[in-house]
Amino acid sequence: RKLIVIVYPNLKNISGTRALSDKVASFFESQNVAVVNMADLLGGFEASDITVNALDGHANEMANRLLAEHLYRNYFEQSSERGHPSN
């Protein structure tokens, strides 16, 4: 099994919270833990495109789909071609 840490910035203010999410990601990377920094994946989007609604800042379906596709491409696709999931 492999630990993959997903780091989310504040999706309503990615640029304003980027430094903090980068710091958290850097810590885990320094511990040799795989990290997906969602600020990297979502930084080019408007908050309204990636959050549930104006009152709920949680990631919406599109943001979760981008994460799922990234995880599959980078951590699972290659190993499934060898016949087993990534460990």
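If you go through segment 19-41 one residue at a time, do you hit one that is within 17 Å of MET62 (Cα to Cα), of a type in the set (Gly, Ala, Ser) and modelled with pLDDT of 95 or more?
Yes, because at least one residue in segment 19-41 is within 17 Å of MET62 (Cα to Cα), of a type in the set (Gly, Ala, Ser) and modelled with pLDDT of 95 or more.
Out of everything in segment 1-41 that is in contact (Cβ under 8 Å) with a residue 40 or more places away in the chain and over 20 Å from PHE76 (Cα atoms), what residue ends up being surrounded by the most Cβ atoms within 10 Å (Cβ to Cβ)?
Checking each candidate, the answer is LEU11.
If you check every pair at least six apart or on different chains, which have Cβ atoms under 7 Å apart with a residue in segment 42-59 that is over 14 Å from PRO9 (Cβ atoms) first and a residue that is not in a strand (DSSP E or B) second?
Going by the 7 Å Cβ cut-off, the qualifying pairs are ASP49/MET62; VAL52/ASN60.
Conditions: (1) surrounded by 16 or more Cβ atoms within 10 Å (Cβ to Cβ); (2) at pLDDT below 95; (3) among the hydroxyl-bearing types (Ser, Thr, Tyr). SER80 meets all but one. Number of the miss?
Among (1) surrounded by 16 or more Cβ atoms within 10 Å (Cβ to Cβ); (2) at pLDDT below 95; (3) among the hydroxyl-bearing types (Ser, Thr, Tyr), the lone unmet condition for SER80 is (1).
The rows are residues; the columns are (1) in contact with a strand residue (DSSP E or B) (Cβ under 6 Å, 6 or more places away or on another chain); (2) at positive phi; (3) charged (D, E, K, R).
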| position | (1), (2), (3) |
| --- | --- |
| ALA54 | no, no, no |
| HIS58 | yes, no, no |
| GLU61 | no, no, yes |
| ASN64 | no, no, no |
| LEU67 | no, no, no |
| LEU71 | no, no, no |
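The values are calculated or read from the model by the stated rules, or taken from the named source; none is laboratory data. All values reported here derive from a predicted model rather than from experimental measurement. Reconstructed Cβ throughout: ideal geometry from the backbone, glycine too, with neighbour counts over all protein chains shown.
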